[in-house]
Amino acid sequence: MAQIDFYFQQLVESGGSDLHLSEGSPAKIRVHGGVRPIEEEILTSEKMHSLLEEIADPEQWKQFLETGDLDFAYEMDEDSRFRCNYFKQAHGLAAVFRLIPTKIASLDDLGIPAVVKEFGHLRGGLVLVTGPTGSGKSTTLAALLDYINTNFARHIVTIEEPIEFVHKNKKSIITQREVPMQTPTFADGLRAALREDADIVLVGEMRDLETIALALTAAETGLLVFGTLHTNNARKTVDRIIDVFPADQQSQVRTMLSASLKGVVAQLLLKTADGKGRVAVNEILVSTPAVSAIIREGATQKLYDVIMGGKARGMQFMDNAIKEKLDDGTVTPLEAYMKAIDKSTFRNYLPDEFAALGNSSGEAK
């Protein structure tokens, strides 16, 4: 048993999501969105080196000491698997560990809108699942892949850094590749997938021009590509994809994206009013001829009207999804206000003690 397993056990027993270890501070865990210490002892340089080196591959540890960053996965036991991120900070070494559920929840269990299942029926195109770090994108994508795996015979290739949810073959064949262990980069893995008789490719992170360009090309050539971006609504997602490219290529990219984009699922996690967990809320964009035309024209502000008129297709705004959770008492007015995109909509629901917050000038539009 590794020394660090003591901290992991504390995390699991507390129902937490993340363990934070940082030289010069006590160990802390995140439970239902809030961070709290689990002991008073300050982590020294010697202790941090000992904890972190023990579970890292010797070659990876050497690389970490040289570069200051490392990502990998660690399995404490068959029920507890962790995504590990090592980094250097002002006071020395630090690490964050995300607990990865070994049981893959279904889309229904997660409360994801039913229309998302339809993306699993596609035979080609690009579907983007977006949201800030820690918003449950990986969990939603794992549930969607499991839905496909249960219902269709496909070859699914995932390119992840690191591999989080481990999928067992059901009706489909699932090939999971880890960056940089099994493939050097996301772009290399995506390029190779074109030669691996894949039907579906999951790109864990679309963070550079080369990966995004390859994802668009793969989607155009008939693969179904699932990717993630750190945007919080459909319009920003489309703009982000196009803005990655140089100005002289953007017209061509708009044309490619208009043809290949099949949907955007933006996601946020809100703390529940009872303090016992978090709930996912989603903005959904489903591609239609109108959406394709808007992307081609570069008039993404018009997507607002398309989503507004697309309820019958399963489309919805993030703020409407948040409002539903507020109306049924799942979340508090303060949590709804803090996570809303257009905060003015939620200002009047704030209790009197938070009225000053609602009247501040920093509201996000």
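Computed from the Cα positions only, the extents of region 151-215 along the three principal axes stand at 33, 21, 16 Å, in decreasing order.
Measuring from centroid to centroid over Cα atoms, what is the spacing of region 200-247 and region 24-100 in Å? So the separation of the two Cα centres works out to 30 Å.
Expressed to the nearest 5 percent, the antiparallel share of DSSP beta bridges inside the chain is 60 percent. Compare I112, I38, I200 in a GNM of the chain, Cα atoms joined below 10 Å, and give the one with the largest fluctuation. With Cα springs under 10 Å in the chain, the top fluctuation among I112, I38, I200 is at I38. Solvent-accessible area per residue in region 167-253 equals 47 Å², computed with a 1.4 angstrom probe and all protein chains kept. GNM, the chain, Cα, under 10 Å: largest mean-square fluctuation among I174, I55, I295? Largest GNM mean-square fluctuation: I55. Cut-off under 15 Å on the C-alpha distance; same-chain residues fewer than 8 positions from K88 excluded. Which aspartates and glutamates are left, in chain and number order? Here the aspartates and glutamates satisfying the reach criterion relative to K88 are E23, E46, E53, E66, D69, D71.
For I341, the residues 5 or more places off, or on other chains, whose built amide H falls under 5 Å of its own are D319.
Taking 1.002 mPa s as the viscosity and 20 °C as the temperature, the Stokes-Einstein diffusion coefficient of region 256-306 based on its alpha-carbon Kirkwood radius rounds to 169 µm²/s.
Per q in 0.09, 0.10, 0.11, 0.15 1/Å, what log10 I(q)/I(0) does a Debye calculation on the alpha-carbon atoms of the chain return? Each listed q maps to, in turn, -0.56, -0.69, -0.84, -1.41.
With every protein chain kept in place and ligands, DNA and RNA left out, what is the accessible area per residue of region 2-153? Probe 1.4 Å, answer in Å². It would help to have the intermediate numbers written out before the result.
Details: 6860 Å² over 152 residues.
Ligands and nucleic acids excluded, the result is 45 Å² per residue.
Using a probe radius of 1.4 angstrom, the carbon and sulfur fraction of the accessible surface of the chain is 49%. The packing ranking, built from the mean of other Cβ atoms within 10 Å per residue, places the peptides 218-225, 74-81 in the order 218-225, 74-81, highest first. Taking G309, G125, G33 as the candidate residues, the one with maximal mean-square fluctuation in a Gaussian network model of the chain, Cα springs under 10 Å, is G309. Between region 262-324 and region 115-170, what is the C-alpha centre distance in whole Å? Region 262-324 and region 115-170 have Cα centres separated by 18 Å.
Using the structure shown, list the pairs from K276/K325; K302/K343; K137/K262; K171/K325; K103/K311 with a Cα-Cα distance above 24 Å, or answer none. From K276/K325; K302/K343; K137/K262; K171/K325; K103/K311, over 24 Å: K171/K325; K103/K311.
The values are calculated or read from the model by the stated rules, or taken from the named source; none is laboratory data. These figures come from a predicted structure and were not determined experimentally. Every residue, glycine as well, gets a Cβ built from its backbone with ideal geometry; the counts of neighbours run over all protein chains shown. Heavy atoms of the whole protein, side chains included, go into the accessibility calculation; ligands, DNA and RNA do not. Shrake-Rupley method; radii C 1.70, N 1.55, O 1.52, S 1.80 Å.
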